[in-house]
Every structure is written in structure tokens, then in C-alpha cells.
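This report concerns only the one structure given below.
The values are calculated or read from the model by the stated rules, or taken from the named source; none is laboratory data. Since the model is a prediction, treat every value here as computed from it, not as a measurement. Note that we place each Cβ from the backbone using ideal geometry, even for glycine, and neighbour counts take in every protein chain shown. Only protein heavy atoms, including side chains, enter the accessible area calculation; ligands, DNA and RNA are left aside. Shrake-Rupley method; radii C 1.70, N 1.55, O 1.52, S 1.80 Å.
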Amino acid sequence: MREFSADALAPRESAAARFQKLFRTTAFKLSLAYLAIFALCAFLALGYVAWNARAVLDDQIVSTIDAEINGLSEQYNTGGLRRLITVVERRSREPGASLYLVTTAGGDHVVGNVGYVPAAVLATPGQSETRYGRNESDAEMHQAIVRVFTLPGGFRLLVGRDTEERDRLRAVIGRAFVTSLAAVVLLGVIGGWLAASRVLRRVDAMTQTTRAIMAGDLDDRLHVAGNGDELDRLASSLNLMLERIGELMRGMREVSDNIAHDLKTPLTRLRNRADEALRRASTPDELRAALEAVIEEGDGLIRVFNALLMIARLEAGSAPEILVPLDIGQTVRSVGELYEALAEDQGLTLAVRAQDDLIIAGNRELIGQALANLIDNALKYGAESTGTEARVTLEAWRDGESIRLAVSDHGPGIPEAERARVLGRFVRLEDARSRPGFGLGLSLVNAVVRLHHGTLRLSDNDPGLLVEISFPASARPPQEAAGDIRPVPRSGDPVPASPSCAR
């Protein structure tokens, strides 16, 4: 029963708090950062366009003035000042943006369509940008680019062009500039808000799921949208982690239950033997025999707990020794030699076939312990073979980029529905409960295989059981010499056990 609910952990948020949390999200901050960068780029791009547009218009105005001056120069060269004044008078009456003015040396108006120009402009030959109008008090002054020339006799010639079109275009570009930046900022803020809201909804959903898991619903999982984004990858990884945690917790519960059931009998037997010795033993020999029986029973329990400790260490990814290049073919042959005599005593044939140069990155003692468990199991159940072939086979060969091991017998085998379950701790099938053992052998083998990044598969040998192990091959040469395959514990390490595999 839950003591609290996920709803109690997640009080309802106000709209202000939700907006405040939205603005603090990484997605919104990144959107604002990208918006600032994009707005700066747009500002520079539009400013560059506006600046170049003004330069092009100014160049066009200057080119028009130059063309006017060239025409008037030809007229002046042809007919002198009188001809020039006549042409200027005619052009001044034509509509357009061109400006003309001829004055005397004292600044008196002779002819032209310009009423007033600052005296300083007329007194300074060359090009400039100035104001002009009908008279000095004209309230509607205009802007123009003009060029002033000094003619013989002190006369002044002004040729120019009104810049109203240029200024109007600049105003249009300026409004477009401001409008575009405002649109960029507005759309950027809206896009950031939408992106942050979407991310925040998914994060809130993940938070609610994790709170539900914290409240005790260990079967709940994070939602995966299926679009393959970073949140999907995170949710998938967390779901895999939760699956693994769930497996470990289920394993702990099973171990606790199995310890309570399977170790109760030997502990009770240990206690009864000690009690019987106290009540009935009357001679030193009887007491010695009772103590030896108690010690033997205690050693069996110690082996069980050592095996449990070894399995836990392997599943945690640690090993008594580091993984080094190993010729697993030599290990297979060494283990086979150790069990040949035992197989003969049980009336079985142990066939060992191993290729050379089967190099993996492994721990020789652990792999030897795993093979010993499998062979011991095969010999135990292979003796029940009902066929004419009472044989146990141990093989090792290369299969592409993998190194394969196989242990097979012709015993009763394991039903297909039970093959995944027997890899757990303290799992024993019904027909194996009458035999010695605690059901830790295959669990230890599975832990060793997983430590070496390999795979373990149980299948039907028709009849019997076929256990196949696959390890990734290594290209490095072995650095170990063949020898005793039994583990040599370090100082303080428990002595690894060889528990029987339960079927």
C-alpha cells in the first residue's frame, strides 16, 4: 500500500508560476539567444542594403548632374554666356527634379528655377548638399545636391537635383527595416514560446512519471513520442535503466524469498545436529563426528554465500582479475582434462574439441569456473541418458567475429518454457530438488558471460541440453600460459564456489 500519491507530490501550479517556469527553460533561453543572433544579422543585412541603396541613389543623382553640366558646357562653348542663359531659362521651365540657377557676382538672380540658396553655397565652387526654396523665408525648404561653377565676369552657375525621391525611398527602406526587425523579434518570441511550451509539456510529463515511480508504481515508464529527438533518446535510456532496476529488484525479492526457503533446511539441519550432539554424544569420537558434520554443513552454507557474493560482483561489472587477452581454446582443453576421469567414473564419454588461437579479452579463472559448472551439470544429468550414446561434448570454435563455446549432453534437458527462468538465482526445477545443490550454477555462468560481453543460449540437443556461449573475438595474442584453471583469490576475497546447476 502506498503511503503517499504522486498527486500529493505535484501541487497544481498557478498560471504565473507556469509562465515563470516557461521563461526559465533552456529551450526558451536558447530561442532568445538564437533570436538575438538572427536579429543582429538581420539588422546588419538590412542596414547594409539601406546604406548601399542611398549610395546608389546619390551616385545616380551625381551622374544626372554631370550629364546636365556636360550639356550646358557644350552650349557655353558654342554661344558663350548668352547662349548658356537662354538654355538655362528654357530648361528651368521644364518639369522635373533638375535645378538651375545663374546669378551675378553679387548674388543677384539672373535666371533659373531656384529662388533661394544659402549665400555660402554660391560662394563656394564645387559639390555640396544644401537646402533651397522659393525665398529665404519659405517654410517648405527642400533638400538638393548641387554643384556651383564660377563663370567669366563673376557670374555663378548652379546645377543640381532635388533629393525628394531619394529621401522618400530612404523613408520606405527605414520603415521596412523597423517593421522587419519587429516581425523577426515577434515571431522569434512566439516560436521560442511554442518550442519551450512543447519541451516543457514533455518534461512535465516525464516529471509526473518519475514521481509516480517514486510513489511506488515501478511498472510505469516514460512516454516515448517516437520522433527520435533528444528527449525520446533520454526517455528510452531511462526506460532501459528502469527495466534494469526492476530486474534487479525482482531478483532481490526472489533471492530473499529463495534464501528464506532454500537455506531454511540446511540451517535447521545444522541446528538439529548440534542439538543432537549436545543431547546424545557421550564420547569424544561422537562429539568429533558431530562437529565434523556441523562444519561440513557450515562449509556448504559458506559456499552458497560466496557464490552469491561472486554473482553480485560479476553483475556489478567487477572481477577478481582484469580482463586480458586469453586463448580460450587452451582453457577449454584444460577444463576437459580435469573432468575426463570423473566422466569415466560415471560411465560417460567426455569429448573435447577446441580450435587453436581462439583469442578473447577475458578472465581465465572465471571462464574456467563457468565451464566447470556447465560440465559438472552435464555429467550429472547426462548420466540419466536413456539412449545408447552417453556422451558429454565440450567444443570451442571461431564463428566470424565471435568465439563460440558449446556444452551438450543427452540427458532429460530443460523444457523450453523454463530456460529463461533457470538463469535466476536459487531456481531449481522439480526433478532437481532431490539432488544436492542450491540452483546458483547457471546464474553464475550467466553473470560471467555478461561480464565478458557475451551471450548465453539454452536449446534442445534432441535429446538433452545444449548450452551455447558466444564471446566477441580479440585480435591480440594471449599473455597467459596454460595451467590450473581454478581461481586464485586475492587477499580478503571469498573462495569461489562451484554450486550445482539446477534444472
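A few points about this structure:
- Packing order of peptides 359-371, 113-125, highest average first: 359-371, 113-125 (average count of other Cβ atoms within 10 Å over each peptide's residues).
- Comparing Thr150, Ala182, Ser137 along the charge dipole axis of the range 102-188, the residue lying farthest to the positive side is Ala182, per the Cβ-charge model.
- Charged neighbours of Met141, selected by a Cβ distance under 12 Å, balance to -3 (K, R count +1; D, E count -1).
- Cα shape, the range 137-200, gyration tensor, a/c 1.5 rule: prolate
- Average accessible surface area per residue within the range 76-204, 1.4 Å rolling probe, Å²: 57
- Dimensions of the range 93-161 from C-alpha coordinates, computed as largest minus smallest value along each principal axis and given longest first, are 32, 25, 21 Å.
- Backbone N under 11 Å from the Glu164 label point (7 Å along Cα→Cβ), restricted to the range 74-118: 96-98
- Mean separation of Cα contacts under 8 Å, 6 or more apart, over the residue count of the range 78-181: relative contact order %: 23
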